[in-house]
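Comments concern the structure below.
We did not get these values from a lab; they are worked out from the coordinates using the rules stated. Every value quoted in this text rests on a predicted model; they were computed, and no experiment measured them. Positions of Cβ are generated from backbone atoms using ideal geometry, with glycine treated the same way; all protein chains shown enter the neighbour counts.
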Amino acid sequence: MQHYLETTDFDREGLEKLIALSEDMIAQPRKYAKACEGKQLATLFYEPSTRTRLSFTSAMLSLGGSVIGFSDAQSSSVSKGESVADTTRIISEYADIIAMRHYKEGAAVAASMYSGIPVINAGDGAHAHPTQTLTDLLTIHRELGRLDELRIGVCGDLKYGRTVHSLIRAFSAFKSIEFVLISTPSLSLPPHLIEEMRTSSHVRFRVAASIDEAIGDLDVLYMTRVQRERFDDLGEYERVKDAFVLTPALMEKAPQKMIVLHPLPRVNEISGEVDNDQRAAYFRQAGNGKYIRMALIYQLLKNSNREDLRGAVPRLAEEWERGAEQCANEKCVSRSENLPHLWVKVGQRCCCAYCECEKK
Ligand code: NCD
């Protein structure tokens, strides 16, 4: 069973195939209008969403399939205390593929262990958001014609912004990439991602304190929203929420070919006056999200056979080890649900198999 839990679940060839398939779907939508006829997508959204959920829905309908699900966990049995594992097992009986968004980190991994159908991670807490990254890759490819040799500024909430986490990972599959990390110290990237870039032969990085300092030689400026909902201390949120704002004055210093991306929603971090600049690609980016999700659903369904779950769960990956110790991350799904404690070796480090937090 192939799930899609993190960007690295596809190698470079897989990512390029998916991008080519999306391009074909954009060019010839009618060719795919019945490609998933008779199939059902379940969208299980435990956290708010506009673009991600609706683009998944629109994607499945454009493939001739249908969609069931919930957009508010309070209206489902989750409000009665049902676990991710049980919900997933039940949905496996009804649908053919699941797209899950959850506020707990590692929730999609947990779901995949109990699912008889493919699970797509549509965002898990502050951890990862791989289908947004697919959208970003398709957009960069369409706008700039390449995914190698890029200098990418990522700006704003690098600590809690899951889209940035998946984006950085994805680029380890491409060549000659430099990330410029633009954030306040309190919003800086989690240490494990810094470590991954340090040991990567394809990705380098440097740090900048302002957009002004970085914008002059970027190919892509990736803006993000400060993730209010992830802060334990709202005073800290108030202090940093307006630290970085992209304005027309700053855009004057940017190269003519640079593009501005943002996963959206935006709050204050891009001034409305930037929207009319040709280099502002974030609305085109949101449009691309539908097509890359069409390609992903099509691809996963093509390769999947429903699995019989009787007596067979949880299904653990070979590289995972059971351990007595629980994960130290309070936001990890394994802390709030009755799941086995699972650990995996990542280089020299031993990490939680759900949320990737390092063992203390
Ligand atoms: C992002 C998310 O949910 O992480 N939005 C999205 O999926 N397009 C970014 C955000 O909420 O700031």
Angle in degrees between helix 51-62 and the longest Cα principal axis of the chain, rounded to the nearest 10 | 60
What is the extension gain from GLU229 to GLU319, computed as 0.36 nm multiplied by their sequence separation minus the C-alpha to C-alpha distance, in nm to one decimal?
-> 29.1 nm
Measuring from label point to label point, each 7 Å out along Cα→Cβ, what is the ILE68 to LYS360 span in nm?
-> 4.2
In whole angstrom, the spacing between the Cα centers of region 209-241 and region 7-49 equals 30
Does anything in region 199-224 have its amide N under 14 Å from the 7 Å Cα→Cβ label point of ARG284, and if so which residues?
-> 220-221
Restricting region 186-276 to GluC sites (Glu not before Pro) in coil, as DSSP defines it, with at most 13 other Cβ within 10 Å | GLU252
In nm, give the distance between the simple-model label positions of ASP212 and ASN268, each being 7 Å from the Cα along the Cα-to-Cβ direction.
-> 1.8
Specify the angular offset, from 0 to 90 degrees and rounded to the nearest 10, of the alpha carbon long axis of helix 130-144 from the longest principal axis of the alpha carbons in the chain.
-> 40
Magnitude of the charge dipole, region 211-280, Cβ model with Lys/Arg +1 and Asp/Glu -1, debye to 20 | 200
Put a dot 7 Å past each Cα toward the Cβ at LYS253 and GLN348; how far apart are the dots in nm?
-> 3.8
In degrees, nearest 10, range 0 to 90: what is the angle between the Cα axis of helix 282-302 and the longest Cα principal axis of the chain?
-> 30
State whether region 209-297 is rounded, prolate or oblate according to the following rule on the C-alpha gyration tensor (a ≥ b ≥ c being the square roots of its eigenvalues): a/c under 1.5 gives rounded; otherwise a/b larger than b/c gives prolate, and the remaining case gives oblate.
-> oblate
